[in-house]
Each structure stands twice: as structure tokens, then as C-alpha cells.
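Read-outs throughout are calculated quantities, based only on the coordinates presented, and are distinct from any laboratory measurement. Here the structure is a predicted model, which means the values were calculated and not measured. Here the Cβ positions follow ideal geometry from the backbone for every residue, glycine too, while neighbour counts run over all protein chains shown.
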Amino acid sequence: MMRGAIVLATLLAVQVGPLAAQNPQVRRQVLQQQVVERFMANYRAQAGLTDEQYRRLEDITRQSFEARTTLALRERNLWFALEGQMRPGMAANADSVAKLIDDLLALETERVERARTEQREFASFLSPVQRAQLTLAWRRLQMQIERVRGGQGRGPGGPGM
């Protein structure tokens, strides 16, 4: 499983650049979908999921991926706006900065709530061991993607971000 995650992470990080030159949005989405599909197939085999468990896992994962993509886009926009407010030599608008920071913290809360909701949904059809396998496998994949990308993270965040 770990070797598969490394291959998938490398594929995602290395091939997004050349593929993006052709049609950035479409190519990236296709590649992400391929990585997720391979990850899911590997996890299904590791956890020994039934067809019904796998169907439910696919549904939740698809919804979760869409929600996380939306959160990531919002987060990127918030960080961009905060960077814009904090340009050297420019006076930042204190009210705008305060709102942006509050919005970033609210987004973190949404991310945590999303994770709680997913775990409740997974608990309805996966055993605790299967949930732990899924959580660890997903974390390993994310960490490998970050390593291959060169440590690019979710944003400049400081403590708690």
C-alpha cells in the first residue's frame, strides 16, 4: 500500500506540470481522479471491503473531495487577499485584515467539522480498524504528495493554521 501511495504521489506531483501545459484545469482534474481511483482500489483490497462498503466509501469520498476542493479554493483566495492587504509600503485596512483572519479561522473550523462528519459516516459501515487503515493510508498519500511537490502546503499559515 505504501509503495502504491508513493507511486501515486509522484505521478500527481510530477505529471501535473506537463499535463497542465495542454489544458491545466482538465488535465489536473483527470490526474487527480486517477490518483483517487487507484488509492481507493488499493484501500479496498487492503481493508477487504464488500461491494456495498466500497460503494458507500466512493459516495462519501466523492462528496468529501468536492467539499475539500471548495474549501481549498476559498482558503487560497483568503490567503491571497491577506497577502494583498499586507504588502510592504501599503497601509493595511485593519477591519479587512481582522475579517480575513476570522474567515481563515472559520475555514479551519469547517475543515475539522467536515472531518468529523466523514468519520461519523465512515463509522456507519466501516470497522474502527478499517477507518484507521483509511485514515493512515490517506495521510501517507498526502504526506508523500507534499514531499514530491517540495513541501508546498496549504498556505503560509502560522500557529494553528
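A few points about this structure:
- Anisotropy class of the stretch 50-125 from Cα gyration tensor, a/c 1.5 cut: prolate
- Cα gyration tensor shape of the stretch 86-149, rounded if a/c is under 1.5, else prolate or oblate by comparing a/b with b/c: oblate
- Compared with the alpha-carbon gap, the fully stretched path from ARG111 to LEU136 is longer by 7.2 nm at 0.36 nm per residue.
- Stretching SER96 away from SER127 to a fully extended chain increases their span by 6.6 nm, per 0.36 nm per residue minus the current alpha-carbon distance.
- Calculated log₁₀ intensity ratio I(q)/I(0) where the Debye formula runs over C-alpha points of the stretch 22-161, q = 0.10, 0.16, 0.18 Å⁻¹: -0.45, -0.99, -1.16
- Positive-pole candidate from THR70, ALA81, ALA115, dipole of the stretch 50-125, charges at beta carbon: ALA81
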